[in-house]
Amino acid sequence: MSFALAPWLVGAGLLALAGALYALQRLRVRHRELRVVTTLFWRQATEERRARVLFWRFRHLPAYLLLLAIASVLWLGVAGPRVELEDADAHVLLLDASAAMGAGRSFQDAVVRLTEAAAALPAARREVWFCGGRVETLLAPGESALLLADRLAGLTPEAAPSALARAARTARQIHGPDVRLHVFGGEAAASDGATALGVAAARSGRWDAVDVF
């Protein structure tokens, strides 16, 4: 089982809850005698004189354990537990950031699907790559999916042809032929028009020619 939060943060939260509940168990009400000439304001006087002091003997161990169990379950729920299925294959999520993805909401929709998929996959066997003019790693294995939103912020499609094929070859070289590739984007049709004009040297090698995508 893994958590959406970092393991050290989950552990620190549990320790903080245990310490806070322990301190509350050591609080006691200290009563002070006070003579008054009337009972009219007796309740108000006792409430104003009531005080709590620390370092009293520990009381009610069963109640403390019950409260600690309830608070721990609530905190673990906030931490976002995830049960990881037995899956030995590596998962590489490829986000197409080529020029063709700039049409309409293609890139934004791909980012939404990518974020949802990254959160659902086992963190230890999941990578996220940005495939624009060059292939970059947005999320390394073991990193929390919560980091992905910040790293995607401000990224837009680049004036470059698709790098998905190159990224797929690289992923297979690193992880082997059984790597699972998840492609987000790449669905723009060729009929969309010219998406990149002369962004790199022509493949023909001619200095007076450009490649149009």
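Of note:
- In the set A123, A97, A145, A153, only one residue is over 12 Å from the mean Cα position of the chain (by Cα) and either open to solvent by less than 40 Å² (accessible area, probe 1.4 Å) or touching a residue at least 60 places away in the same chain (Cβ under 8 Å) (or both); that residue is A97.
- Where strands (runs of 3 or more DSSP E) fall wholly inside segment 77-151, no range has 2 or more residues that are modelled with pLDDT under 85 and not aromatic (F, W, Y).
The values are calculated or read from the model by the stated rules, or taken from the named source; none is laboratory data. Remember, predicted model here, so these are calculated numbers, not experimental data. Here the Cβ is made from the backbone with ideal geometry for all residues, glycine too, and neighbour counts use every protein chain on show. When the accessible area is computed, the model is the full protein with side chains, heavy atoms only, and any ligands, DNA or RNA have been set aside. Shrake-Rupley method; radii C 1.70, N 1.55, O 1.52, S 1.80 Å.
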